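Okay, structure first, notes after.
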Amino acid sequence: MRDAAAICEAISRPEMRFVPQKSIAQQDLQALHRIRSRLIGSRTQLGNQIRGLLAEYGIILPLHLSEVRKHCPICSRKTIRY
């Protein structure tokens, strides 16, 4: 009931700005950007976790994911065999 009242009040205000709906293509693109952003964040977290674990054993790696890949070949996709 409150939602309906709020909608009626919002429509009656002349200064209220309405946002146009996004197209399916715009929603898809936004979803891809969010997924990519989450993947980059997860990759960064994993790199930091690897650096932190190695630091506990006295192996200090420079900051940057490329440095982790360069100094830690076991972490590279090329050397992992399933």
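The values are calculated or read from the model by the stated rules, or taken from the named source; none is laboratory data. All of these numbers come straight from a predicted model, not from anything done at the bench. Backbone-built Cβ (ideal geometry, glycine too); neighbour counts: all protein chains shown.
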Of the criteria (1) surrounded by 10 or more Cβ atoms within 10 Å (Cβ to Cβ); (2) part of a helix (DSSP H, G or I), which one C8 fails: (1)
Subset of region 1-43 [within 30 Å of V68 (Cα to Cα) and of a type in the set (A, V, I, L, M, F, W, C)]: A31, L32, I35, L39, I40
Test result for I50, modelled with pLDDT under 95 and either assigned to a helix (DSSP H, G or I) or small (G, A, S) (or both): yes
